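Trainee: One structure coming up, written as C-alpha cells, with questions to follow.
Please treat every number below as a calculation from the coordinates, not as lab data. Computed from a predicted structure; not experimentally measured. Note that we place each Cβ from the backbone using ideal geometry, even for glycine, and neighbour counts take in every protein chain shown.
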Amino acid sequence: MRKRAFLPVAAGVLPLLLVLGLPAPASAGDEAQAGPATGTCVGRIHYTFDPPLKATPRETTTRWSGDYSCSELPLLKTRTWHGTFTGSVTSVTGCLQASPGQVVTPSITETDHWTAPDGEHQVGESTLTGTVSTLPREDGTRVAEWTGTVTGGTWFKGHHFNGNNVYTSLTSGKLCLAGGGIDHNDGTAVVTFLPL
C-alpha cells in the first residue's frame with residue numbers, strides 16, 4: 001500500500017518544484033554533465049596545410065584536429081575525461097618563421113567535445129578563442145604556444161587557458177629548406193584550463 005501511495009506523491013513533487021522556482025533533485029546522470037573547475041589535457045594533433053607550406057609565405061588554410069586525455073587539476077584528483085578537437089584558420093604564412101615572436105593571426109578558434117572516461121557519451125563542449133604567440137618553425141623551433149579564453153560551450157566557459165603544440169616530424173625542416181612543400185604535420189598537444 002505504501003509503495004502505491006508513494007508514486008503519485010513523487011510524480012507531483014517535480015512540477016511543484018518547477019512552479020516554485022526551486023532546483024529539481026539531481027539525477028545520477030546530472031553529475032557527469034557538470035564541468036570541472038580546472039583541467040589539463042594531453043593528446044595528439046594533426047595539421048593539414050592548403051596549399052602546402054613553402055619557404056615564401058602565402059595565404060594558407062591550416063586545419064587541425066586531434067584527441068585529448070584529460071584530468072582535473074591537481075592531477076592527484078581522480079576525475080578524468082576524453083576529448084576531441086578541431087579548428088581552422090586562413091592566414092599568410094610559410095614553413096619558415098620570420099621571427100620567434102611572429103603571430104600567425106590575431107585570433108583563432110577551436111571547438112572541443114568532451115566525453116566521459118569510457119568515451120561512449122558526450123558530457124560537454126568548449127569553444128576556445130585565443131592568440132598564437134609562437135609558430136611551429138620547420139627550420140628548428142617546433143613549438144606553437146597559444147593562450148586565450150573559453151568563449152562558449154557548456155564546460156570551462158569564461159576560463160583562461162594556456163596551450164602548446166609540438167611538431168614531431170624531423171624531416172619537414174629539411175624539406176622546407178630544400179624548397180619543398182609541406183601539406184601536413186603531426187605532433188603532440190597540451191592545454192590547461194585555469195581556475196576562474
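Trainee: Assuming 0.36 nm per residue, please report the length gained on full extension of the stretch residue 166 to residue 37 beyond their Cα-Cα distance.
Mentor: The residue 166-residue 37 span can extend by a further 43.8 nm.
Trainee: Please work out how much length the chain gains when fully extended from residue 186 to residue 109, using 0.36 nm per residue of separation minus the C-alpha to C-alpha distance, in nm with one decimal.
Mentor: So the extension gain works out to 25.8 nm.
Trainee: Now for a different question. Note the full-extension length gain between residue 90 and residue 178 as 0.36 nm times their separation in residues minus their Cα-Cα distance, in nm to one decimal.
Mentor: Values: separation 88, 0.36 × 88 = 31.68 nm, distance 2.45 nm.
Difference between extended and current length: 29.2 nm.
Trainee: Enter the Cα centre distance for the pair the range 30-61 and the range 146-196, rounded to the nearest angstrom.
Mentor: 5 Å
Trainee: Place the peptides 121-130, 53-62 in order of packing, highest mean first, counting for every residue the other Cβ atoms within 10 Å and averaging per peptide.
Mentor: 121-130, 53-62
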